[in-house]
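Note sheet for the following structure.
The values are calculated or read from the model by the stated rules, or taken from the named source; none is laboratory data. A quick note: this is a predicted structure, and the numbers were derived from the prediction, not measured. Note that we place each Cβ from the backbone using ideal geometry, even for glycine, and neighbour counts take in every protein chain shown.
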Amino acid sequence: MQKTDEEKEHFNKLVGVFVQTVRVKLGMSQQTFAAELNIAGLTSVSRWERSETAPSAPVLLRIMGLWIAYEQAQETQDLPARVIQLICHLANPAAAEERHIRGLI
């Protein structure tokens, strides 16, 4: 089933919050973050954070991997549950809100 424009916009907004929150938490500039993800230029990162577009699934998984590695280094106790919740929110964006995403990261 194809997503409506409203659903795509909501998904992009949630992903934008996720991307920006992870990048800031990692203490990276957009340029450093782009280099870490092995993508060309910071324009993509900027567009994701402004919710104009969303990264491809493989790039989104790499971002999630960076976040998980960071959280593991912090010895976060409830990380597996938070990862599952985040994936569920991104998979079903209609039920999620920005505060849900920020609360998990």
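A compact table of results
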quantity	calculated
L60 surrounded by 14 or more Cβ atoms within 10 Å (Cβ to Cβ) and touching a residue at least 60 places away in the same chain (Cβ under 8 Å)	no
Any chance L90 is buried (at least 17 other Cβ atoms within 10 Å of the Cβ) and touching a residue at least 60 places away in the same chain (Cβ under 8 Å)	yes
Within the stretch 46-57, considering residues that are within 22 Å of I87 (Cβ to Cβ) and among the small types (G, A, S), the one surrounded by the fewest Cβ atoms within 10 Å (Cβ to Cβ)	A57
Residues (closer than 25 Å to E7 by Cα, modelled with pLDDT of 90 or more and assigned to a helix (DSSP H, G or I)) located in the stretch 31-55	S44, V45, S46, R47, W48, E49
Positions within the stretch 16-45 being exposed (fewer than 14 other Cβ atoms within 10 Å of the Cβ) and more than 23 Å from I87 (Cβ to Cβ), in sequence order	G27, S29, Q31, A40, G41, T43
Filter result (without any contact (Cβ under 8 Å) to a residue 12 or more places away in the chain and in a helix (DSSP H, G or I)) within the stretch 9-30	V24
Matching entry among I105, I87, I63 (being within 11 Å of the chain's Cα centre (by Cα) and either at pLDDT below 75 or of a type in the set (K, R) (or both))	I105
